[in-house]
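This report refers to the structure that appears directly beneath it.
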Amino acid sequence: MTKIRTRYAPSPTGRMHVGNLRSALYEFLIAKHDGGDFMLRIEDTDQERFVEEAVDIIYRTLEKTGLVHDEGPDKDGGYGPYVQSERMKTGIYMKYAKELIDKGEAYYCFCDKERLATLKTEVVEGKEISIYDKHCLSLSKEEVEANLAAGKPFVIRQNIPNEGTTTFHDELYGDITVENAELDDMILIKSDGYPTYNFANVVDDHTMNITHVVRGNEYLSSSPKYQRLYDAFGWQSPVYIHLPLITDENHKKLSKRSGHSSFEDLLEQGFVTEAVVNYIALLGWSPEDNREIFTLDELIKEFDYHRISKSPAVFDIVKLKWMNGEYIKAMDFDAFYEMAEPYLKAALKKDFDLKKIANMVKTRIEVFPDIAEHVDFFEELPEYSVEMYTHKKMKTNSETSLQVLKDMLPILEAQEDYSNDGLYQTLVKYVEEKGVKNGYVMWPIRTAVSGKQMTPAGATEIMEVLGKEESLRRIRKGIELLEQSV
Ligand code: GLU
């Protein structure tokens, strides 16, 4: 059996879109599931859209997500160069384009802008493209040679007959047959000498022995033209897997406007890399059971590309947040703290034991920015309503709360030990003396020291972090508030 070889072939034009990351992930998983090789190839033939920084983003993202490539520009595996602009310099694309010309499958075209502007146009996938009328196909060999000798600018076009049909196979979509008349004579080599993305992609996938190609289904419409190139060369095409579109909750294409369309956006919004990778794996693929949490190694083991679905994948940020929360809960504390610290520092300027606070929120947040709303009361006691002291289940109201706070104030003033344990023992002692339930005492104290209905920890843990002076100040404030109301 031939070794599986897949490639991630990004065009470095900007941030790494969730859809690109999904293609990379699936390519990686297909290769690794079968002990194959995963390769990185940089498709930079569109020099106008090239962004230098985007290349760094690609490397950073692959490294961060653990999609380690076996070969690429930085790791020679004998199939290089791995950057298309460098491959071009070896003359490989021109060589294959000329082979097609010799076979009658391609031709030189010398038409200038003015002539091209007069051609019929058609709207394909929202873009207006002109349909070339094969004008230059009729040039004689001598005319072509004279033009070339005179240095006339040219492109090389694929020669697609107007009759007949072309069929290609996709793993998800099955056999797709199109009328040749619908396929334009696309440019293979541009006037600047660069190959088009479409041509370089075919030449490279073949010459680099790629066995499986995974990409977004926006490329589906170009695939018959690829197939014709493979057939013209007498090459076997790789297995094609065109992935369903990723949409937002409104079934619109996931766009920049959604705010979470790229991997970097998601990291900036406080998502954990492993959770994002896990979630993206499920955007179009599902395991046999309903399991949802997978490490990358587990994905490698379970991933079977035959289980990829062709129905649109909805990017559900609510679900991703849930998943992220699960990853945060499972993280070891030091790793969690490292990520949480900047958010804690942004929310809390006073001198608190941030590790203790981090421990309180670890199981309560879904994404890191959630930290702020859980911890803000440490910094500043919020304005709160006296009604918060009334709690049916705890059997508390303003009067009982006032009594508890007044009883506890001198005890807590006298207390030296402001550790969680020390404070807890003191409060429980009072509970036992009064013969009441814990909540009867804890509720008003927690309300007074936090001013919040929901807190990430109990009364005594909060007081430990606030310290004696601030805890007492807040309890006195609670008494004042309650006295005004009863
Ligand atoms: N360079 C193309 C892109 O970035 C890759 C498409 C493919 O994988 O064939 O979209």
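Only the coordinates and a few stated rules stand behind these numbers; no lab work does. Treat the numbers as computed from the prediction; the structure is a model and nothing was measured. Don't worry about glycine lacking a Cβ; one is built from the backbone with ideal geometry, like all the others, and counts go over all protein chains shown.
Of note:
- Here residue 423 fulfils each of the conditions (1) under 18 Å from residue 486 (Cβ atoms); (2) surrounded by 15 or more Cβ atoms within 10 Å (Cβ to Cβ) apart from (1).
- Strands (runs of 3 or more DSSP E) wholly inside the range 101-143 containing at least 2 residues that are in contact with a Lys or Arg (Cβ under 7 Å, 6 or more places away or on another chain): 106-109
- Residues of the range 71-87 that are under 20 Å from residue 4 (Cβ atoms), surrounded by fewer than 16 Cβ atoms within 10 Å (Cβ to Cβ) and either touching a His at 6+ places or on another chain (Cβ under 6 Å) or of a type in the set (D, E, K, R) (or both): 75, 76.
- Some residue of the range 21-43 being crowded, with 16+ Cβ neighbours inside 10 Å, touching a Phe, Trp or Tyr at 6+ places or on another chain (Cβ under 8 Å), assigned to a loop (DSSP other than H, G, I, E, B) and not charged (D, E, K, R): no
- If only residues of the range 194-224 that are touching a Phe, Trp or Tyr at 6+ places or on another chain (Cβ under 6 Å) and part of a strand (DSSP E or B) are counted, the one that is farthest from the ligand (Cβ to nearest atom) is 195.
- The single condition from (1) part of a helix (DSSP H, G or I); (2) surrounded by fewer than 15 Cβ atoms within 10 Å (Cβ to Cβ); (3) not hydrophobic (A, V, I, L, M, F, W, C) that residue 311 fails is (1).
- Boolean, residue 207 is closer than 30 Å to residue 185 by Cβ, crowded, with 17+ Cβ neighbours inside 10 Å and more than 18 Å from the chain's Cα centre (by Cα): no
Results for (1) touching a residue at least 60 places away in the same chain (Cβ under 8 Å); (2) in contact with a strand residue (DSSP E or B) (Cβ under 7 Å, 6 or more places away or on another chain); (3) exposed (fewer than 12 other Cβ atoms within 10 Å of the Cβ); (4) not charged (D, E, K, R), shown as yes or no for each residue.
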| position | (1), (2), (3), (4) |
| --- | --- |
| 134 | no, no, no, no |
| 140 | no, no, yes, yes |
| 143 | no, no, no, no |
| 152 | no, no, no, no |
| 158 | yes, yes, no, yes |
| 172 | yes, yes, no, yes |
| 176 | no, yes, no, yes |
| 180 | no, yes, no, yes |
| 188 | yes, yes, no, yes |
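- Which numbered condition residue 67 fails, given (1) closer than 25 Å to residue 281 by Cβ; (2) in a helix (DSSP H, G or I): (2)
- For residue 220, the test of being within 33 Å of the chain's Cα centre (by Cα), under 18 Å from residue 27 (Cα atoms) and aliphatic (A, V, I, L, M) is passed.
- Residue among 223, 286 that is among the hydroxyl-bearing types (Ser, Thr, Tyr) and crowded, with 20+ Cβ neighbours inside 10 Å: 223
- Filtered residues of the range 160-170 (kept if at positive phi and surrounded by 12 or more Cβ atoms within 10 Å (Cβ to Cβ)): none
- Counting only helices (runs of 4 or more DSSP H) that sit wholly inside the range 379-486, those with at least 3 residues that are β-branched (Val, Ile, Thr) and within 29 Å of residue 354 (Cβ to Cβ) are 438-450, 459-466.
- Among the residues listed as 202, 276, the single one being more than 20 Å from the chain's Cα centre (by Cα) and crowded, with 21+ Cβ neighbours inside 10 Å: 202
- Failed criterion for residue 100 (all others in (1) crowded, with 18+ Cβ neighbours inside 10 Å; (2) within 16 Å of the ligand (Cβ to nearest atom); (3) among the aliphatic types (A, V, I, L, M) hold): (2)
- Residue within the range 240-259 that is touching a residue at least 12 places away in the same chain (Cβ under 8 Å) and among the basic types (Lys, Arg) present: no
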